[in-house]
Amino acid sequence: MSSIRKRHSCTLLALACSVVLIGACSPSDPQQASNDTSETKQMKNTQQTIIDTHPHAAQGEGKPVVYQVFTRLFGNTNETNKPWGTLEENGVGKFSDFDAAALQSIKALGASYVWYTGVPHHAVVNDYTDNVYKELGITLDDPDVVKGRAGSPYAVKDYYNVNPDLADDPANRLAEFEALIERTHEQQLKVIIDIVPNHVARAYESLSKPEGVSDFGENDNTELEYARDNNFYYVVGEAFKVPLSENGYKPLGGEAHPLSDGKFVEMPAKWTGNGARESQPSANDWYETVKVNYGVKPDGSYDFDRLPKEYADKSLSQHAAFWQDKSVPDSWIKFEQIVHYWLDKGVDGFRYDMAEMVPVEFWSFLNSSIKAKNPDAFLLAEVYNPSLYREYLQLGKMDYLYDKVEFYDSLKLLMQGKSDAQALEDIQLSLADIELHMLHFLENHDEQRIASDEFAGSAEKGKPAMVVSALISKSPTMLYFAQDVGEDGSEETGFGDPSRTTIFDYAGVPAHQRYMNNGKFDGGQSTESEKQLRAFYERLMLISANHPTMLGKYQSLHSFNVTSVQVDSTNEYSNAQFAFVRWTENKALIVVSNFSEDDLSTVTVKLPISLLTEWQVSEGAYAANDLLNGIAYEMQVARKRSDAFVSVQLNGLQSVVLEVNLKEQLK
């Protein structure tokens, strides 16, 4: 089947129209314009500066904060946590748990986006005895090809509906999610959901697809390993075999289940999600999923038009125009239909799982289509190969990529005492041309909890790293739910090992449950250390979301100060600290973080002369007020700007964020 692109002319015009609409917002009445107060004009100018500097919404004059929630865990108050426990035994969170109090608690952390993880209907194990799911026509999922009991959210079974576990009334599940979108928007928060383009569940079957939409694989020629418009790849003539067990693993921990028999009917076998081509994948493969075909032949060559390299510098509308008359693989069309379906329901953006496993041309096609429909859509991609960063941003038209392999991994080594701080300066310099697009985080559903023994062993060790991660660049910052109260991920819940909060099983999250306090979201059951940690995160993230220097310039002070201390034996600055500055025309933030557990009585941070010249500061003292800890320091500037410094005391693992008004000296 040939898939020729056909679009209405208004789709291509939408991007251009959005520019016209911005101009149309200005007052047409000269009298109204003349009556604008200077304060109103200043506010409008500030808002336009923010829009020009950062393309996505922040709470204030700073940058976006994304709060990731694992939707089925977030509101669960059940504390049983039985390994491999059922929904009835361990409980499950619901869409309805995200009421005004819950959303306001998220917003208190500076958030402007909520990434609801695990929303699309994915494979989940249930015995369906007297179960409403069966009455709804939802087919039974086989434990032999499901990881955990609650299932991986990245084995999507129906892209046109939502996980029925999350609904109070599964028959009304889609309407309940639409209501959640509306509640989120009422709190001035935007909604992100997952799209997993590389793979789908082995038993993909949409009960809710719109008229005219076919299921993945429905029209495939299964007698061919590959055809351009097949949605899957096939191991022709061979039936799928369940992976051989390793390390004594048994589905559901060995519990009996009608379908748990070491078999799963799939003839012919499909390639597995991570690209394994055997009819029997290994236990370490993504065996619960099948690989989606994007027109990449088994030999790695491409069966679609290639995007010329000069398109790295072309606009979204030019990318959309490129694909307008091109024939593209069927899987491309299917995912365009899916994202438009969710945009029409009010979703504001997408997080793309394993985006680098899908050709960049597809992303140009999809993202230009999304932006034509919603120019403000937030598009975040999981790309782990640094050599591909610019290609997926510039040719693929992503808004943001995870800065995991370089910045996160270097921070983790520094937190663990296995590296020094110089790597942070080097990485930030190497990414200077794309730093706005490299989203920062310390936790997400894939990573170990900071407080886990396998990571840092203490949430306190995350504090200096979080300060650096959140404030060093213009890029958005992402928090994972319960990070702000020090969850350690130590529960044995079934599939997988502790240190990461489960994404596969029904569970409660203890530190978060204490903060949640039976739906009050007030920290009423939190320990004192959890309350202090939450307060730290609130102070820090509100700086990130609201301080105008977050959209200003950046300069590392680290190597400059490491060199300076070689001639000053009283200064305790070292490679276990990291300092940098962010500034605008009027204000600066001098940030110093201590990654050591040792208290430091005298840390003197010097500022280079070139910076003083740009700031146009004069000889004398400037107030340097610590926004994190409420302590007043001073920045001293020497005669003729020959030197400048600020001296601070730092406890172990403490940071200071010193706000300096560059236009106002102390009397």
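So which of Ala623, Ala576 is open to solvent by 10 Å² or more (accessible area, probe 1.4 Å), of a type in the set (A, V, I, L, M, F, W, C) and touching a residue at least 60 places away in the same chain (Cβ under 8 Å)?
Going through Ala623, Ala576 in turn, the sole match is Ala576.
Is it the case that some residue within region 187-210 is free of Cβ contacts under 8 Å to residues at least 40 places away in the same chain and either open to solvent by 50 Å² or more (accessible area, probe 1.4 Å) or basic (Lys, Arg) (or both)?
No; the residues of region 187-210 include none that is free of Cβ contacts under 8 Å to residues at least 40 places away in the same chain and either open to solvent by 50 Å² or more (accessible area, probe 1.4 Å) or basic (Lys, Arg) (or both).
For region 443-465, what are the residues that are in a helix (DSSP H, G or I) and open to solvent by 10 Å² or more (accessible area, probe 1.4 Å)?
The answer is Ala459, Glu460, Lys461, Lys463.
Give the residue that is farthest from Tyr506 (Cα to Cα), with candidates limited to residues of region 60-115 that are of a type in the set (Lys, Arg) and assigned to a helix (DSSP H, G or I).
My answer is Lys107.
Can you pull out the residues in region 396-413 that are assigned to a helix (DSSP H, G or I) and open to solvent by 10 Å² or more (accessible area, probe 1.4 Å)?
Lys404, Val405, Glu406, Asp409, Ser410, Lys412, Leu413
Please enumerate the residues belonging to region 314-370 that are open to solvent by less than 10 Å² (accessible area, probe 1.4 Å) and part of a strand (DSSP E or B).
Gly349, Phe350, Arg351, Tyr352
Looking only at region 371-380, how many residues end up being without any contact (Cβ under 8 Å) to a residue 40 or more places away in the chain and either open to solvent by less than 10 Å² (accessible area, probe 1.4 Å) or assigned to a helix (DSSP H, G or I) (or both)?
Total satisfying the criteria: 2.
Take region 652-664 and flag every residue that is surrounded by fewer than 17 Cβ atoms within 10 Å (Cβ to Cβ) and more than 16 Å from Met466 (Cα to Cα).
Across region 652-664, the qualifying residues are Glu659, Asn661, Lys663, Glu664.
Name the residue that is surrounded by the fewest Cβ atoms within 10 Å (Cβ to Cβ), counting only residues in region 278-310 that are within 26 Å of the chain's Cα centre (by Cα) and farther than 16 Å from Pro197 by Cβ.
Asn284
For region 127-180, enumerate the residues that are touching a residue at least 60 places away in the same chain (Cβ under 8 Å), open to solvent by 40 Å² or more (accessible area, probe 1.4 Å) and among the charged types (D, E, K, R).
Those that are touching a residue at least 60 places away in the same chain (Cβ under 8 Å), open to solvent by 40 Å² or more (accessible area, probe 1.4 Å) and among the charged types (D, E, K, R): Asp127, Asp168, Glu178.
What strands (runs of 3 or more DSSP E), lying completely within region 585-667, carry at least 1 residues that are among the hydroxyl-bearing types (Ser, Thr, Tyr), under 34 Å from the mean Cα position of the chain (by Cα) and on the phi < 0 side of the Ramachandran plot?
587-594, 655-661
Tell me, which helices (runs of 4 or more DSSP H) wholly within region 476-572 include 3 or more residues that are of a type outside the set (Ser, Thr, Tyr), crowded, with 17+ Cβ neighbours inside 10 Å and touching a residue at least 60 places away in the same chain (Cβ under 8 Å)?
Fully inside region 476-572 and qualifying: 510-516, 528-546.
Taking only region 518-564 into account, find how many residues are in contact with a strand residue (DSSP E or B) (Cβ under 8 Å, 6 or more places away or on another chain) and modelled with pLDDT under 95.
The qualifying residues number 1.
In region 215-237, what count of residues is obtained for those that are part of a loop (DSSP other than H, G, I, E, B) and within 30 Å of the chain's Cα centre (by Cα)?
Of the residues in that region, 5 qualify.
Restricting attention to region 62-83, which residues are surrounded by 18 or more Cβ atoms within 10 Å (Cβ to Cβ) and either among the basic types (Lys, Arg) or touching a Pro at 6+ places or on another chain (Cβ under 9 Å) (or both)?
Gly62, Lys63, Pro64, Val65, Val66, Phe70, Thr71, Arg72, Asn81
The values are calculated or read from the model by the stated rules, or taken from the named source; none is laboratory data. Quick caveat, the model's predicted, so the values are computed rather than measured. Glycine gets a Cβ as well: all are built from the backbone with ideal geometry, and neighbour counts include every protein chain shown. Protein only, heavy atoms only, side chains kept; ligands, DNA and RNA dropped before computing areas. Shrake-Rupley method; radii C 1.70, N 1.55, O 1.52, S 1.80 Å.
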